[in-house]
Every structure is written in structure tokens, then in C-alpha cells.
Amino acid sequence: MKFHLSLFVIISIILGIKLEGCRCKVVQFIFGDSLSDVGNNKYLSKSLAQASLPWYGIDLGNGLPNGRFSNGRTVADIIGDSMGLPRPPAFLDPSLTEDVILENGVNYASGGGGILNETGSYFIQRFSLYKQIELFQGTQELIRSRIGKDEAEKIFQGARYVVALGSNDFINNYLMPVYSDSWKYNDETFVDYLIGTLREQLKLLHGLGARQLMVFGLGPMGCIPLQRVLSTSGDCQDRTNKLAIRFNKGGSKLIDELEKELPNSSFRFGDAYDVVNDVISNPNKYGFQNSDSPCCSFGNIRPALTCIPASKLCKDRSKYVFWDEYHPSDRANELIAKELIKKFGFITVHQTNPPSPSPALAPSSNH
């Protein structure tokens, strides 16, 4: 699971604008991990990467767990809402139909997933990026059978694509001695391996029709509460943060190269590292009171690897940067999303449907 902001991650679709010769909306397809998961792992019954128990989702909708690894919205939710866009449903959502896909796209993100197939294997069930791409191929076949090959091609080439993974490849693979990658590679060669794998995956997506695509980089994952509590000093893990910076440098270079190499491609790399690092380093500047421990925990018993009904919540969830040991709170996600909107020039479009309401983050000290 993680904190890579890399998550922070979504790209725009424009409501009401038609593709030439097609009566369908432009939609988005999201590939990611727990920072973007909206419920896929909820339907993976054997997965240990779950957000299916209280108090996950407490500040969104009816307050019940919905599969998001936060108390509220993901960065993707917030960016999409701000532009009046519908939220793509989880691929495994039982209500997903061809009509829903044509109207909203699909979210394939899976908690614990990574760029590498071996990443997160101790979670038992999760979708790696290669698996998510395989599922997307199945979606394409479904849509082709529904509206025909030519119309389907217009939809998939006109769609927007988001790829937001990477932190698990470090936190739940390379940095854990139980994984062979931890001794087969050094810091430089492992990042090269990751970027090389990502290159092939993005080329595969381009071959499947992806023309407008955004890849999100990693945030200072050495500063998530789990990494801090595992250090002797309680400070951020410098090596882990340097790995994130190395990955972002390689990812940015990769996207520049692919945009030149792949015909008709508009690929972009979103590096949110500096924004997130500033929030963590200067929480008071942004209205937070805590940026080093989770809101949902077992008090002094750390690390609390997940949030469960027996957990205790902080008094004011809006004052904490992190919701659990890995993931940002709704308010932190909102701040990050607004910075990304500003940085990349996302434009608010005409709203044909009202966005889902922002959660009312009421103080909570009873749980």
C-alpha cells in the first residue's frame, strides 16, 4: 500500500463534448494502487490489502467503507469533481455494464499493486499493472462487441488515461528483505528495472489506443507514518525519499522519450514530490497540526497496519495529513489535488451533473 503520491493522480474527461462520428462521451481509464483504488480490492476476498472495515470512508457519502483507503475522497475523486466529471467505477463493481463503461470509463486500481508483478505478493490478491492492462483489454473486447470495432476505436483513442503506481514496488518489495528483488538489485539498478518495465507497459497501452496519458510520480514515501515509526529516530527515511526522487527523474525522462517515439501521443509526467514534501515539512502553514502519525491508530501501539473498528480516531481528522500508516487524509488529498490542478492547468468544465459533496469533517473523539 503506500503513500506515493504518486496517486495523486487523475486526468480529465470532458462532459458533453462528443467525439467526431461517435455519440459517446470522452471517458477515462485509471490504473493505480491504493491511492486510486475505489473498491476493486473489496471484491478480492483473499486480499490482505483491504479498506473494507470502519473507519474507512467515514467522511464520504453514508460514512460506510466503500473501498477507498482514506476517510474520504482520493485525489482522483477531487480533481474529477472539481471539473464536473463523473467518477469511474471499480472494474469489479457488480453494477458495471457496457453502458456504465461508455458513460464513465473504468478504474482498475488495486491496493497493494505495483509496476512489477512480484510486488505486494504477501497481500495474496492484488492487481499488478500488467494485470490491470489485461483487464482493460477485456473491457475493450466488451465494448467492441457492443458498438463495433470502428466506434470502439474512436472511444479508446479519445479517452484519457491515468497511470499511478510505484510506491509499492519500493515499500512492499525492494525495501523488504523477504523479496528477492531486495538482494538482486541495488538502488540504481532497481529503479532502472522499474522504469524499463514501465516503458514496456506504457507502450502496450499506446498499442491499445492510449493517446492522452498522464503518469504520476512518487511523493516523499520515506515520510509516511509507517516509515517513520520503523526508524530509530522517528524521522523520515532519507534513503526511501531518495529512491522516490530517482524514480521521478527516470519517469520524467521516460515520458519525454515516449512522447517523441510514439505516434500521436500526448504523454505527461506529474511530479508532486515537492508539494507533498512541503505539506509534511510545514504542516502548520497549511492548517494541519500533525504530519507524522496517523489519525486512525491504536494509540501508542505502532505501527497499526490498517484501520479497524477497534482503532481510535484523532479528535479532528481535518488536522491530520495522514489517515492511516500509509495514506493521506481527505483534507490532505484535497490540498494536493488543488495544487496539481493549478500546476497542470486543469480546466473546470461545465457541470451537467452536480459533483459528490465534500465531506463534513466533524471532530471525532468517540471512536
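The values are calculated or read from the model by the stated rules, or taken from the named source; none is laboratory data. In this text the structure is predicted, and so the values were computed from the model without any measurement. Don't worry about glycine lacking a Cβ; one is built from the backbone with ideal geometry, like all the others, and counts go over all protein chains shown. These area figures cover heavy atoms from the full protein model, side chains too; ligands, DNA and RNA do not enter into them. Shrake-Rupley method; radii C 1.70, N 1.55, O 1.52, S 1.80 Å.
The residue list 335, 340 contains one member that is at pLDDT below 85 and within 28 Å of residue 49 (Cβ to Cβ), which is 340.
Evaluating residue 39 against the criteria (1) open to solvent by 10 Å² or more (accessible area, probe 1.4 Å); (2) within 27 Å of residue 270 (Cβ to Cβ) leaves one unmet condition, (1). Hey, any hits in region 116-126 for a residue that's touching a strand residue (DSSP E or B) at 6+ places or on another chain (Cβ under 8 Å) and open to solvent by less than 30 Å² (accessible area, probe 1.4 Å)? Scanning region 116-126 turns up no residue that is touching a strand residue (DSSP E or B) at 6+ places or on another chain (Cβ under 8 Å) and open to solvent by less than 30 Å² (accessible area, probe 1.4 Å). Here region 258-268 is the region considered, the condition is being in contact (Cβ under 8 Å) with a residue 40 or more places away in the chain and open to solvent by 30 Å² or more (accessible area, probe 1.4 Å), and the residue that is farthest from the chain's Cα centre (by Cα) is 264. Restricting region 153-166 to residues that are assigned to a loop (DSSP other than H, G, I, E, B) and of a type in the set (Gly, Ala, Ser) leaves a set whose member that is farthest from residue 80 (Cα to Cα) is 166.
Considering 77, 93, 99, the condition of being acidic (Asp, Glu) and farther than 21 Å from residue 50 by Cα is satisfied by 99 alone.
When region 42-73 is limited to residues that are open to solvent by 30 Å² or more (accessible area, probe 1.4 Å), in contact with a His (Cβ under 9 Å, 6 or more places away or on another chain) and not aromatic (Phe, Trp, Tyr), the one that is farthest from residue 319 (Cα to Cα) turns out to be 54. Could you tell me whether region 287-305 includes any residue that is part of a helix (DSSP H, G or I), open to solvent by less than 70 Å² (accessible area, probe 1.4 Å) and small (Gly, Ala, Ser)? No, region 287-305 contains no residue that is part of a helix (DSSP H, G or I), open to solvent by less than 70 Å² (accessible area, probe 1.4 Å) and small (Gly, Ala, Ser). Test residue 247 against the criterion of being among the aromatic types (Phe, Trp, Tyr) and in a helix (DSSP H, G or I), and give yes or no. Criteria met by residue 247. For first residues located in region 28-39 and touching a residue at least 60 places away in the same chain (Cβ under 8 Å), partners that are among the basic types (Lys, Arg) and surrounded by fewer than 24 Cβ atoms within 10 Å (Cβ to Cβ) and lie 6+ apart or on another chain with Cβ distances below 6 Å form the pairs 28/160. Do you know which residues across region 203-245 are modelled with pLDDT of 95 or more, open to solvent by 40 Å² or more (accessible area, probe 1.4 Å) and touching a helix residue (DSSP H, G or I) at 6+ places or on another chain (Cβ under 9 Å)? Of everything in region 203-245, those that are modelled with pLDDT of 95 or more, open to solvent by 40 Å² or more (accessible area, probe 1.4 Å) and touching a helix residue (DSSP H, G or I) at 6+ places or on another chain (Cβ under 9 Å) turn out to be 203, 204, 211, 235, 236, 237, 238, 239, 242, 245. All of (1) open to solvent by less than 10 Å² (accessible area, probe 1.4 Å); (2) within 21 Å of residue 214 (Cα to Cα); (3) in contact with a Ser or Thr (Cβ under 8 Å, 6 or more places away or on another chain) hold for residue 322 with one exception: (2).
Restricting region 86-103 to residues that are under 17 Å from the mean Cα position of the chain (by Cα) and hydrophobic (A, V, I, L, M, F, W, C), the residue that is least open to solvent (accessible area, probe 1.4 Å) is 90. In the set (1) charged (D, E, K, R); (2) crowded, with 19+ Cβ neighbours inside 10 Å; (3) part of a loop (DSSP other than H, G, I, E, B), the condition left unmet by residue 169 is number (3). Within region 162-179, the residues that satisfy the criterion of being over 30 Å from residue 340 (Cα atoms) and in contact (Cβ under 8 Å) with a residue 12 or more places away in the chain are 178, 179.
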